[in-house]
Amino acid sequence: MTDYLQSLSIVDLHAWYLGLADVISRRPVSGGAEPLASRLLRRYLTPAPSNPAYTFVAPNYVRSHAIVQAAIAHHRAVYLSRSEARIGGTLRIAGIQPRWCRPEDYAWDRRAALTLHLESLVEVPLRWQLTGTDDEKDILYGLGMGFQLRTDAVALLRPSSTDPGATSFTSFTARIVDTYDFNPDEHITCPNPDFGSSRANAVRPSDETLVVYHSNAARLERAGRAQVYAVRSDAWVPPGTLWSPGSADLTCERAWRPW
């Protein structure tokens, strides 16, 4: 596929990306707010000497989407030591089990509440660029093909004769903790802001969409016309069904097997 943006000057390339943000801003999303994708892209295209994290309120269509709720359910299972977490590139048991098996390593008396947190990648299907709803396209274009989700929980273990691992959560929150950037080796299909334009230097005005190579974003960064930055959402409380009480696996042999 041809990279139709490759020959643009930095000035024209920057203007094209700003036009893309404008086009995306007119795409409706649930709740009627400006799409997350256009807000984040404009921030990327506006470098600043100091570049603090961009914070935003996570839209309901992000918080309630199945891929996010599945990630939250996975975090609960990790806390209960029922699923493995990827830590330092290795899958391992985390959460309550290793703390129960080696309480001295965590300064825990096996009775006090445990403060736990986890970050994991939420993968976003690339097919959403063609088949996704407007909300799903906003997730893809705003947060990319994957973003980091963090949860923070407080777990209370109350063993009983019938369930040694009986656990409840007294608090549970989730938030997005990520970086807004582009992989220069990837590309994506975007709306073409020059579609139907009669400008002399319009890019493929006959094409409603355009394959955009992220190597062009890298060009903007090198020229100081775009800047990578941290993205943070507010913390929200997921539905209680996603962090309901459960039974932690306290099998110590699993917790300390060699990796």
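The values are calculated or read from the model by the stated rules, or taken from the named source; none is laboratory data. All of these numbers come straight from a predicted model, not from anything done at the bench. Note that each Cβ is placed from the backbone with ideal geometry, even for glycine, and that neighbours are counted across all protein chains shown.
For the reader, a short list of remarks on this structure follows.
- Those residues of segment 31-54 which are farther than 17 Å from Asp134 by Cα and either assigned to a loop (DSSP other than H, G, I, E, B) or within 13 Å of the chain's Cα centre (by Cα) (or both), in sequence order: Leu45, Thr46, Pro47, Ala48, Pro49, Ser50, Asn51, Pro52, Ala53
- Members of segment 1-47 found to be in contact (Cβ under 8 Å) with a residue 40 or more places away in the chain, under 19 Å from Asn60 (Cα atoms) and surrounded by fewer than 15 Cβ atoms within 10 Å (Cβ to Cβ), listed by number: Pro28, Ser30
- Among the residues of segment 131-159, the one identified as without any contact (Cβ under 8 Å) to a residue 40 or more places away in the chain, of a type in the set (Gly, Ala, Ser) and assigned to a strand (DSSP E or B) is Gly146.
- All positions within segment 90-110 that are free of Cβ contacts under 8 Å to residues at least 40 places away in the same chain and among the charged types (D, E, K, R): Arg99, Glu104, Asp105, Asp109
- Residues in segment 196-226 that are touching an Asp or Glu at 6+ places or on another chain (Cβ under 9 Å) and either at positive phi or part of a loop (DSSP other than H, G, I, E, B) (or both): Gly196, Asn201, Ala202, Val203, Arg204, Pro205, Asp207, His214.
- Checking each residue in segment 55-73 for being surrounded by fewer than 19 Cβ atoms within 10 Å (Cβ to Cβ) and in a helix (DSSP H, G or I) picks out Asn60, Tyr61, Ala66, Ile67, Gln69, Ala70, Ala73.
- Segment 99-125: number of residues that are in a loop (DSSP other than H, G, I, E, B), over 30 Å from Cys252 (Cβ atoms) and out of contact with any Ser or Thr (no Cβ under 9 Å at 6 or more places or on another chain): 1
Residue-by-condition table, conditions (1) within 21 Å of the chain's Cα centre (by Cα); (2) among the hydrophobic types (A, V, I, L, M, F, W, C); (3) closer than 17 Å to Gly246 by Cβ:
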{"site": "Arg150", "(1), (2), (3)": "yes, no, no"}
{"site": "Thr167", "(1), (2), (3)": "no, no, yes"}
{"site": "Asp181", "(1), (2), (3)": "yes, no, no"}
{"site": "Pro191", "(1), (2), (3)": "no, no, no"}
{"site": "Phe195", "(1), (2), (3)": "no, yes, no"}
{"site": "Glu208", "(1), (2), (3)": "no, no, no"}
{"site": "Leu220", "(1), (2), (3)": "no, yes, no"}
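- The residues of segment 198-239 that are loosely packed, with under 15 Cβ neighbours inside 10 Å and either of a type in the set (S, T, N, Q) or in contact with a Cys (Cβ under 6 Å, 6 or more places away or on another chain) (or both), listed by number, are Ser198, Asn201, Ser206, Thr209.
- Any hit, segment 81-97, residues being β-branched (Val, Ile, Thr) and within 28 Å of Gly31 (Cα to Cα): no
- Checking each residue in segment 1-27 for being assigned to a helix (DSSP H, G or I), more than 15 Å from Pro205 (Cβ to Cβ) and in contact with a helix residue (DSSP H, G or I) (Cβ under 8 Å, 6 or more places away or on another chain) picks out Ile10, Leu13, His14, Tyr17, Leu18, Ala21, Asp22, Ile24, Ser25.
- Test: residue in segment 86-98 that is at pLDDT 95 or above, surrounded by fewer than 18 Cβ atoms within 10 Å (Cβ to Cβ) and among the charged types (D, E, K, R): no
- Any hit, segment 164-186, residues being buried (at least 20 other Cβ atoms within 10 Å of the Cβ), of a type in the set (Gly, Ala, Ser) and more than 28 Å from Pro28 (Cα to Cα): yes
- Scan of segment 215-236 for residues that are farther than 30 Å from Gln69 by Cβ and hydrophobic (A, V, I, L, M, F, W, C), ordered by number: Ala217, Ala218, Leu220, Ala223, Ala226
- Total residues in segment 160-185 satisfying the condition of being in contact with a Lys or Arg (Cβ under 6 Å, 6 or more places away or on another chain) and part of a loop (DSSP other than H, G, I, E, B): the figure is 0.
- Boolean, Arg76 is crowded, with 21+ Cβ neighbours inside 10 Å and under 16 Å from Val122 (Cβ atoms): yes
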